[in-house]
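Worksheet for the structure shown next.
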Amino acid sequence: MYVAIRRYKIKAGSMDEIVRRAQAGFVPLVSQIPGFVAYYGVEAGNDVGVTISIFQKQAGEEESTRRAADWVKQNVAEFVEGAVEVTAGEVRWSS
């Protein structure tokens, strides 16, 4: 399995609107990518949002990051401050 973790610094008070838009728009988009396993959005505190996308193959993880970048730019860019931090790779152990 492959995972993409994306960290977003967001404007104060905008989390609820981002969640609403992502649930309605991005979740259906990312879940259609071949090899999709799961997608999670985490409110990490201090105006930080983290998303976790899990896929069976690396191609799916890479496509999810491309689609996330496009979707954010088109749908919630006014709420994001600075560059998105992306960490991605192969799951090597789990429980």
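The values are calculated or read from the model by the stated rules, or taken from the named source; none is laboratory data. Fair warning: this is a prediction, and the values are worked out from it, not measured in the lab. Heads up, the Cβs are rebuilt from the backbone with ideal geometry, glycines too, and the neighbour counts pull from every protein chain shown. What goes into the accessible areas is simple: the full protein's heavy atoms, side chains included, and nothing from ligands, DNA or RNA. Shrake-Rupley method; radii C 1.70, N 1.55, O 1.52, S 1.80 Å.
Can you list residue pairs whose Cβ atoms sit under 6 Å apart, with the first residue in the range 1-15 being over 19 Å from Pro34 (Cα atoms) and the second being among the hydroxyl-bearing types (Ser, Thr, Tyr)? Count only pairs 6 or more apart in sequence or on different chains.
Sorted first by the residue in the range 1-15, then by its partner, the pairs are Arg6/Thr51.
Being within 11 Å of the chain's Cα centre (by Cα), part of a helix (DSSP H, G or I) and among the polar types (S, T, N, Q) is the requirement here; does Ser53 meet it?
Considered against the rule, which asks whether it is within 11 Å of the chain's Cα centre (by Cα), part of a helix (DSSP H, G or I) and among the polar types (S, T, N, Q), Ser53 comes out as no.
If you take the residues in the range 79-95 that are among the acidic types (Asp, Glu) and open to solvent by 90 Å² or more (accessible area, probe 1.4 Å), which one is farthest from Arg6 (Cα to Cα)?
Glu90
Among Arg7, Arg20, which is farther than 21 Å from Glu63 by Cα and either part of a strand (DSSP E or B) or not hydroxyl-bearing (Ser, Thr, Tyr) (or both)?
Result of the check over Arg7, Arg20: Arg20.
Can we say Thr65 is touching a residue at least 24 places away in the same chain (Cβ under 8 Å), of a type in the set (S, T, N, Q) and open to solvent by 80 Å² or more (accessible area, probe 1.4 Å)? Step through it out loud before you land on a result.
Details: touching a residue at least 24 places away in the same chain (Cβ under 8 Å): yes; of a type in the set (S, T, N, Q): yes; open to solvent by 80 Å² or more (accessible area, probe 1.4 Å): no.
Spelling it out, it is not the case that Thr65 is touching a residue at least 24 places away in the same chain (Cβ under 8 Å), of a type in the set (S, T, N, Q) and open to solvent by 80 Å² or more (accessible area, probe 1.4 Å).
So which of Gly45, Gly25 is open to solvent by less than 80 Å² (accessible area, probe 1.4 Å) and under 13 Å from the mean Cα position of the chain (by Cα)?
Going through Gly45, Gly25 in turn, the sole match is Gly25.
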